[in-house]
Amino acid sequence: MSKKIMILGANTLQIPLIETAKKLGFITVVVSPVKSEVGHSIADISEICDIKDEDTLLAYAQRHQISGIITDQTDIAVRSVAYVAEKMGLPGIGYETACLFTDKFRMREKCKELGIPTLRYKMARSLNEALVFFEELGSRAILKPVDNQGSKGVSFIDTKEKMIECFTEAMTYSKQKEVLVEQVAHGREFVVEGLAIDGRFINLNVGDTYYFNIPDVFAATQRIFPTNADVVLRKKVEEINEKIIKGFGLKQGISHSEFIMNGDDVILIETAARGGGVFISSDLIPLCTGLHTEEFLLNIAMGNINEMPEIKKDQRACCYLAMFLPVGVVECIEGIANVTALPYVHHHNLDAIQIDMHTKEPKDKTARFFLIVEAQDRNELEQRVIEIKQILNGILVRCEDGSLQHPIWA
């Protein structure tokens, strides 16, 4: 009899996981709060539920007699996965570990305990606490919810008035009603994917992060693998990531960590006990290393793996390429079909762009459109990215002032 696997999340980024589970012969129990999400249309069993509602999810899991539970490319479900697994005696990372990996304040406290440098920071539950610490820092700070994803509720604070303006929004996005006020750093940024099995850990790949130049929109326009940092700096980043993931106690699964340089120090922005979003987990890791990420995740969720898989580092160059659309109404989508047909373009969400679609002002990374691009090396990758941008500039948006504008790439 086929075993049942519960998958939390049903949007575009969970489709590779659901499809792989079905291919491997599992009965898929897919849960998300939105019935219209595409994952429900391919699931064997579909349930509608807030994926933060741990007790209701446990009740569903017990009723369906699942043999494993998993999520990927989203932080929101990590605690719930760990909770259900722990309560049912299924393979998992443990609930306390899941809480650590989904709380930015706890992450920084643990880094201090491990002797890893941090920026100055404070967890605040009230506007007054946030304002007092902001004044201690001086003129600049980053304000963010401690337990959310997608850069929602994150703001750059440079005045007392802006702190007052943004504090309520940040609190709105925090389930715990806690925010982090942190010193600003402006150094180079890295992203690191890792793999844990039976308490052992390896770094899979290290990439470079490049951001849009849009105020208070903390979203990457590209993450490129492998990094072009020199050997010494890459090794330093990898060593700190390994120390963090081991020190945080991740027993199994994929990890996704983001770092920023502050002088010579490599500073943790955040780490997650799941694969990177925007198809980093499902596409970029396999392209770079040869690891079939979804198969690995599904099999550890079922307790079928206890050996470290074979990894081939940096076997391809690849990136995700993201864009925003200007505010207005989409009038032309020329170029999308040409780009998505290219053999070196993989998963994407460009199909969501439709004629007469009303676009909104970008406020966080969830409004991006993106695609995965691969090449033999970074030089070829950069050339392919240039060509793709030229083709996709055939997308045109009619703005309120009557002008036609192309996608926003930077």
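The values are calculated or read from the model by the stated rules, or taken from the named source; none is laboratory data. What you see is a predicted model; the values in this text were computed from it and never measured. Note that each Cβ is placed from the backbone with ideal geometry, even for glycine, and that neighbours are counted across all protein chains shown. Side chains are part of the model used for accessible areas, which takes the heavy atoms of the whole protein and leaves out ligands, DNA and RNA. Shrake-Rupley method; radii C 1.70, N 1.55, O 1.52, S 1.80 Å.
Go through (1) open to solvent by 10 Å² or more (accessible area, probe 1.4 Å); (2) at negative phi; (3) at pLDDT 95 or above; (4) not basic (Lys, Arg) for Gly290 and report which single condition fails.
(2)
For segment 360-376: of the residues being more than 19 Å from Gln149 (Cα to Cα) and surrounded by fewer than 18 Cβ atoms within 10 Å (Cβ to Cβ), which is farthest from the chain's Cα centre (by Cα)?
Gln376
From the set of residues in segment 177-204 that are at pLDDT below 95 and over 30 Å from Asp230 (Cβ atoms), which is most open to solvent (accessible area, probe 1.4 Å)?
By that ranking, first place goes to Asp198.
Given the criterion free of Cβ contacts under 8 Å to residues at least 40 places away in the same chain and hydroxyl-bearing (Ser, Thr, Tyr), identify the matching residue among Tyr121, Tyr83, Tyr60.
One residue alone meets the criteria, Tyr83.
Which of the residues that make up segment 347-372 are at pLDDT 95 or above, among the polar types (S, T, N, Q) and not in a strand (DSSP E or B)?
Result: Asn349, Gln354.
Just a yes or no: is a residue in segment 87-103 over 18 Å from the mean Cα position of the chain (by Cα) and more than 29 Å from Glu54 (Cα to Cα)?
no
With the condition kept exactly as written, say whether any residue in segment 110-131 is of a type in the set (Val, Ile, Thr), in a helix (DSSP H, G or I) and surrounded by fewer than 21 Cβ atoms within 10 Å (Cβ to Cβ).
No, every residue in segment 110-131 fails to be of a type in the set (Val, Ile, Thr), in a helix (DSSP H, G or I) and surrounded by fewer than 21 Cβ atoms within 10 Å (Cβ to Cβ).
I'm checking my understanding of the structure. Among residues of segment 136-150 that are open to solvent by less than 20 Å² (accessible area, probe 1.4 Å) and in a loop (DSSP other than H, G, I, E, B), which one is nearest to Met123 (Cα to Cα)?
Applying the filter and picking the extreme gives Val146.
Restricting the search to segment 241-256, which residues are part of a helix (DSSP H, G or I) and open to solvent by less than 20 Å² (accessible area, probe 1.4 Å)?
Matches in segment 241-256: Asn241, Ile244, Ile245, Phe248.
Quick test of your reading of the structure: Leu131 fulfils all but one of (1) under 30 Å from Lys243 (Cβ atoms); (2) without any contact (Cβ under 8 Å) to a residue 40 or more places away in the chain; (3) among the aliphatic types (A, V, I, L, M). Name the failing condition by number.
(1)
Can you tell me which residues in segment 379-395 are over 16 Å from Ile224 (Cα atoms) and aliphatic (A, V, I, L, M)?
Ile391, Leu392, Ile395
With the condition being closer than 25 Å to Glu238 by Cα, I'd like the helices (runs of 4 or more DSSP H) fully within segment 257-345 carrying at least 3 qualifying residues.
285-289, 293-301
One line per residue, one yes/no per condition, for (1) out of contact with any Asp or Glu (no Cβ under 7 Å at 6 or more places or on another chain); (2) under 30 Å from Leu291 (Cα atoms); (3) in a loop (DSSP other than H, G, I, E, B):
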| position | (1), (2), (3) |
| --- | --- |
| Cys166 | yes, no, no |
| Glu169 | yes, no, no |
| Gln176 | no, no, yes |
| Val181 | yes, no, no |
| Val184 | yes, no, yes |
| Glu193 | yes, yes, no |
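Do the conditions hold for Ile51, that is, is it under 17 Å from Arg79 (Cα atoms), in contact with a helix residue (DSSP H, G or I) (Cβ under 6 Å, 6 or more places away or on another chain), at pLDDT 95 or above and β-branched (Val, Ile, Thr)?
When the stated conditions are applied, Ile51 passes them.
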